[in-house]
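Bear in mind that the values in this text are calculations on the coordinates, not laboratory data. Bear in mind that the values here come from a model prediction, so they are computed numbers and not experimental data. For neighbour counting, all protein chains shown are included, and Cβ atoms are generated from backbone atoms with ideal geometry for every residue, glycine included.
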Amino acid sequence: MSGGLRVTVTGGAGFIGSNLVSWLLRQPEVGAVTVVDDLSTGSAGLLGSDLPEVDFRQGSILDEALLTSALSGADAVVHLAALPSVPRSVADPLSTHHANATGTLQVLEAARRAGGPLVVAASSSSVYGAQPALPKSESSRAMPLSPYAVSKLATEAYLGAYHACYGLEVLPLRFFNVYGPRQRAGHPYAAVVPVWIDAALQGRPVTVHGDGTQTRDLTCVDTVCEVITAAVTGRVVSPWPVNLALGTRTSLRELARLLGEVLGAPLRIAHAPVRPGDVAHSQADPARLRELFPHVRAVALREGLHRAVAWHQAQPAAGRRPRAGLGERP
Ligand SMILES: NC(=O)c1ccc[n+]([C@@H]2O[C@H](COP(=O)([O-])OP(=O)(O)OC[C@H]3O[C@@H](n4cnc5c(N)ncnc54)[C@H](O)[C@@H]3O)[C@@H](O)[C@H]2O)c1
């Protein structure tokens, strides 16, 4: 590739990052994509046939020299690298802080050294924490309940401060529950949709914590990639955080029903006690997103689940048989 925008993606070998790299490579405006990833939770394999098309730098965002070289000449940085788990942050707050908060600061410093590429970064709906208002508006007070949520609040606050102090163009985006192809199950911090799909495909019964009336604003990864791609190609700037979700509200019961339909067999549900710290309801106010990205299209949940299931079915896995089960991980 030559000419066109040069984009660096931190965390580009992760679930969202690897999808984003595919999106970016398809844009005529994008000339080159560099990925920085230490493969701590991601995998180069997720980049698949895109891997030879990118400049892949294996290493940590805490490595200053690596970042300096990976951001040199970049027009935009999409900063997704993080340890993305609430329970992991509760078990080990310091490593979450290092990767997520200090890591963001390192990315911003490298952006400054690189002459000011646009910095788009992933924050999280977890910053709302104990905030009871629904839907969650960016103007509501953040009330984080975990070290992970604090690290994401630091991420977006650092972007705002670098805009104010150094004029850096930034866009902090609050992701809600993102799901879709390339989101893996089979690790202790896996999310609800891949865990359910994997269990169902293997005929295992899985668990819903509580009665399943909890609701989530499930966002297909393709919507997230569409917004970030539009932000990069259109150089969209906001010093204040923007919710990246479309204001849908799906109960876990409804998710189970839909997933059963997509898989062609109803899921078996085993109930377990509610987990401490679980948020009952999460739904974004998408007004600001729609203002900045009026053309963003929502992927219907059924369609998004079809895409996720198709990806899981294409993965090699021993002992799979088409039965259904159910479990939960917000
Ligand atoms: N998936 C969601 O529902 C969701 C919701 C809210 C926010 N987010 C945020 O979106 C971003 C991407 O999340 P994801 O779901 O794709 O997770 P992921 O774990 O698949 O991706 C994170 C990537 O960052 C890499 N990484 C971690 N620490 C690093 C470091 N120090 N240096 C370099 N690379 C490092 C990992 O190897 C991985 O490839 C994260 O910042 C996460 O906090 C995700």
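If you average 1/r over every pair of different alpha-carbon atoms in region 114-257 and take one over that average, what Kirkwood value in Å do you get? Let's see the in-between values first.
Working: mean 1/r = 0.0596 Å⁻¹.
Hydrodynamic radius (Kirkwood, Cα pairs) of region 114-257 is 16.8 Å.
Using the crude model of +1 on Lys and Arg Cβ and -1 on Asp and Glu Cβ, and no other charge, please compute the dipole size for region 43-96 relative to its Cα centre, in debye to 20. Before the final figure, lay out the partial values.
Working: 2 positive and 7 negative charges, 44 e Å.
Dipole magnitude for region 43-96 comes out near 220 debye.
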Checklist entry - So what are the three principal axis dimensions of region 158-238 from its Cα atoms, in whole Å, longest to shortest? => result 53, 25, 23
Checklist outcome for this item: Short to long, in 5 Å steps from zero, the percent of alpha-carbon pairs of region 150-205 per bin is 4, 16, 17, 13, 11, 10, 10, 9, 5, 3, 1
Next on the checklist: How would region 256-308 be classified by its alpha-carbon gyration tensor: rounded, prolate or oblate, with rounded meaning a/c under 1.5 and the a/b versus b/c comparison settling the rest?
Outcome noted: oblate
Item to check | For His209, residues with placed amide H under 5 Å, excluding near neighbours | outcome: Ala272, Glu328
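So what's the projected area for the chain, the Cα convex hull averaged over all directions, in nm²? Please report the intermediate quantities before stating the final value.
Details: hull surface 61.2 nm².
Dividing the Cα hull surface by four gives the mean projection, 15.3 nm².
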Item to check | HN-Hα J in Hz across region 168-178 - Karplus 6.51, -1.76, 1.60, θ = phi - 60°, x for Gly and Pro | outcome: 5, 7, 9, 8, x, 10, 8, 6, 9, 7, 8
Checklist outcome for this item: For Leu244, the residues 5 or more places away or on another chain with a placed amide H closer than 5 Å to its own amide H are Arg174, Phe175, Phe176
Checklist outcome for this item: Magnitude of the Cβ-charge dipole (Lys and Arg +1, Asp and Glu -1) of the chain about the Cα centre, nearest 20 debye, reported as 900
Item to check | Taking the chain and dividing mean pair separation by its residue count, relative contact order in percent (alpha carbons under 8 Å, at least six apart) | outcome: 18
Checklist outcome for this item: In Å³ per residue, the alpha-carbon convex hull of region 24-64 encloses 80
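Rank by packing, highest mean first: peptides 64-73, 18-27, with packing defined as the count of other Cβ atoms within 10 Å averaged across residues.
Details: 64-73: 17.5, 18-27: 21.5.
So the peptides 64-73, 18-27, ranked by packing, come out 18-27, 64-73.
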Next on the checklist: What number results when the radius of gyration of region 1-160, computed over Cα atoms, is divided by 2.2 N^0.38 Å?
Outcome noted: 1.05
Item to check | Alpha-carbon radius of gyration plus Dmax, which is the widest Cα pair, for region 239-286 in Å | outcome: 14.8, 46
Item to check | Descending Cα extents along the principal axes, region 19-99, whole Å | outcome: 43, 26, 18
